[in-house]
Ligand code: URA
């Protein structure tokens, strides 16, 4: 087990584990405020054992840069932790059985990292959080999601998958627009945290003065 994920996991009904080199765990600080959730590893991620290190990862890095988000400060993971493939040669999108089986790992990651905002990248990840939604109508908007918890609502802000820019360069501006929503949300949260901290420090100080 690493990060709660079995490195020899063979739960998948489609047996994609037969072709995998590595289970691709989430990566990033264990208490990150932002969590990005992609679809599934591709060949380069399967080789490296890390999410978003291939061509889509390069675009993700550029988008984060443009939006003022530091990759070292966010947690990046996928819904499906092994590379979906039928033959070991070509990649394919994960199917519903794979998403369903693997999502236990994602739910455990979310509970452990406890991010302030989760941004699903693309249709597959978005439909996990907001079933039957169309990505073009939910992208950039805030949603509440409870997952396995009745008590705790989490903020979800979906965006298009960065790989879109690999097929259509014109999509780049749209992708930046989406990523900037997350950057903005993060900055707002940081100022709220700062105000809260200043208040706490102030009242501590006042309390001390009263005691003197
Ligand atoms: N690489 C990943 O890790 N996830 C994706 O969704 C696409 C590429």
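Here is a check on your reading of the model: is residue 82 farther than 26 Å from residue 168 by Cβ and in contact with a helix residue (DSSP H, G or I) (Cβ under 9 Å, 6 or more places away or on another chain)? Yes: the conditions hold for residue 82.
The set of residues from region 14-63 being more than 8 Å from the ligand (Cβ to nearest atom), under 20 Å from residue 129 (Cβ atoms) and in a helix (DSSP H, G or I) comprises 60, 63.
Residue-wise test of (1) surrounded by 14 or more Cβ atoms within 10 Å (Cβ to Cβ); (2) farther than 21 Å from residue 44 by Cβ.
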residue: 66; (1), (2): yes, yes
residue: 74; (1), (2): yes, no
residue: 94; (1), (2): yes, no
residue: 97; (1), (2): no, yes
residue: 117; (1), (2): yes, yes
residue: 128; (1), (2): yes, yes
residue: 147; (1), (2): yes, yes
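Looking at the structure I just gave you, is residue 25 crowded, with 18+ Cβ neighbours inside 10 Å, modelled with pLDDT under 95 and under 20 Å from residue 114 (Cβ atoms)? Yes: the conditions hold for residue 25. Within region 86-117, if we keep just the residues that are in contact with a helix residue (DSSP H, G or I) (Cβ under 6 Å, 6 or more places away or on another chain) and at pLDDT below 95, the residue that is farthest from residue 185 (Cα to Cα) turns out to be 88. Might you check whether a residue that is touching a residue at least 24 places away in the same chain (Cβ under 8 Å) and within 17 Å of residue 166 (Cβ to Cβ) occurs anywhere in region 90-100? Scanning region 90-100, I find at least one residue that is touching a residue at least 24 places away in the same chain (Cβ under 8 Å) and within 17 Å of residue 166 (Cβ to Cβ), so the answer is yes.
For (1) in contact with a helix residue (DSSP H, G or I) (Cβ under 9 Å, 6 or more places away or on another chain); (2) over 11 Å from residue 178 (Cβ atoms), each residue gets a yes or a no:
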{"position": "127", "(1), (2)": "yes, yes"}
{"position": "133", "(1), (2)": "yes, yes"}
{"position": "141", "(1), (2)": "yes, no"}
{"position": "144", "(1), (2)": "no, yes"}
{"position": "148", "(1), (2)": "yes, yes"}
{"position": "155", "(1), (2)": "yes, yes"}
{"position": "159", "(1), (2)": "yes, no"}
{"position": "162", "(1), (2)": "yes, no"}
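When region 75-91 is limited to residues that are under 20 Å from the mean Cα position of the chain (by Cα) and assigned to a loop (DSSP other than H, G, I, E, B), the one that is nearest to residue 121 (Cα to Cα) turns out to be 79. When residue 170 is tested against (1) over 30 Å from residue 92 (Cβ atoms); (2) loosely packed, with under 10 Cβ neighbours inside 10 Å, only condition (1) is not met.
The values are calculated or read from the model by the stated rules, or taken from the named source; none is laboratory data. These numbers come from a predicted model, not from an experiment. Please note: Cβ atoms are built from the backbone with ideal geometry, for glycine as well, and neighbour counts cover all protein chains shown.
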